[in-house]
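In what follows, a single structure is set out as structure tokens and then discussed.
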Amino acid sequence: MKIKIAQLIRILSLPAILALLLLVLLVNHRPFIFSGPDFSVSAVWIVVLPLLAYPLSLVGRQRGVGSREEQRSLAFGLTLAGHTGALLYGIVQNVSAELRAIYWTYFLSILLLFLFNKLLHIRASAHSASVAGTLVLALRFFGAAWILPCAVLAAVVAWASLCLQRHSVQELLLGASCGVISFACSVLIAHPI
């Protein structure tokens with residue numbers, strides 16, 4: 001039962017799902033952040049494209065090709081493409097500073113994860129980076145009242161990752177650091193002092 005709960009938590013806290021939740025909360029409570037098609041375009045780049053990795057890898061597995069590691073690589077590649085597309089859209093369309101901060105946070109996070117996981121061969125949890133990045137963005141937009149719910153969510157997701165032995169504590173902390181550092185840098189880029 002514990003394993004099933006941990007698996008469900010990991011699915012519900014997929015990076016793209018949390019990004020969608022953040023976008024929906026923002027469009028409902030901070031609609032001034034979005035102009036014209038910004039919400040829809042953001043959802044396609046940040047949510048839909050990364051989520052395509054799962055059905056695409058399932059098709060590969062049904063044909064007898066593809067492993068869990070290949071699914072992760074596909075998800076990583078599609079996430080990188082999606083976050084790059086969102087950032088380029090934001091630059092070309094001159095979106096609001098708040099939306100630029102979101103795009104920069106996700107883009108810088110995936111770059112840091114690429115640096116650690118692919119270039120330095122030091123495992124950093126992409127799941128943890130996304131959770132941390134999304135949660136600090138939520139705190140930025142919705143204030144201190146969200147500290148406790150965000151902390152609880154982060155702890156529950158960390159527990160699920162540890163329970164399923166997907167990551168070590170070090171990998172979770174390094175991933176979370178990537179998300180938080182990316183947010184801090186994005187604020188400086190999107191809101192220069």
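Structure data summary
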quantity: Residue in region 66-78 that is of a type in the set (G, A, S), more than 20 Å from L111 (Cα to Cα) and surrounded by 17 or more Cβ atoms within 10 Å (Cβ to Cβ) present; calculated: yes
quantity: Residues of region 2-26 classified as over 19 Å from H83 (Cα atoms) and either touching a Leu at 6+ places or on another chain (Cβ under 8 Å) or of a type outside the set (D, E, K, R) (or both), total; calculated: 10
quantity: Failed criterion for L174 (all others in (1) surrounded by fewer than 16 Cβ atoms within 10 Å (Cβ to Cβ); (2) farther than 17 Å from H83 by Cα hold); calculated: (1)
quantity: Odd one out for I9, checked against (1) in a helix (DSSP H, G or I); (2) among the aliphatic types (A, V, I, L, M); (3) at pLDDT 95 or above; calculated: (3)
quantity: Every pair of residues 6+ apart whose Cβ atoms lie under 9 Å, when the first sits in region 4-20 and is over 10 Å from H127 (Cβ atoms) while the second is hydroxyl-bearing (S, T, Y); calculated: A6/S161; I9/S161; A16/T79; A16/S130; A19/S42; A19/Y106; A19/S130; A19/T134
quantity: Filter pass, C163 being of a type outside the set (K, R), surrounded by fewer than 24 Cβ atoms within 10 Å (Cβ to Cβ) and touching a Ser or Thr at 6+ places or on another chain (Cβ under 9 Å); calculated: no
quantity: Cross-chain or 6+ apart pairs with Cβ under 7 Å, region 180-192 first and buried (at least 19 other Cβ atoms within 10 Å of the Cβ), then assigned to a helix (DSSP H, G or I) and hydroxyl-bearing (S, T, Y); calculated: S182/T105; S182/S109; F183/T105; S186/T105
quantity: Selection count where residues are more than 18 Å from the chain's Cα centre (by Cα), under 20 Å from V187 (Cα atoms) and open to solvent by 40 Å² or more (accessible area, probe 1.4 Å), scope region 117-145; calculated: 1
quantity: Verdict on A81 being in a helix (DSSP H, G or I) and modelled with pLDDT under 90; calculated: no
quantity: Candidate set from region 1-38 (those that are over 18 Å from the mean Cα position of the chain (by Cα) and among the small types (G, A, S)); member that is surrounded by the fewest Cβ atoms within 10 Å (Cβ to Cβ); calculated: G36
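The values are calculated or read from the model by the stated rules, or taken from the named source; none is laboratory data. Computed from a predicted model, the values in this text were never measured in an experiment. Please note: Cβ atoms are built from the backbone with ideal geometry, for glycine as well, and neighbour counts cover all protein chains shown. SASA here: full protein model, heavy atoms, side chains in, ligands and nucleic acids out. Shrake-Rupley method; radii C 1.70, N 1.55, O 1.52, S 1.80 Å.
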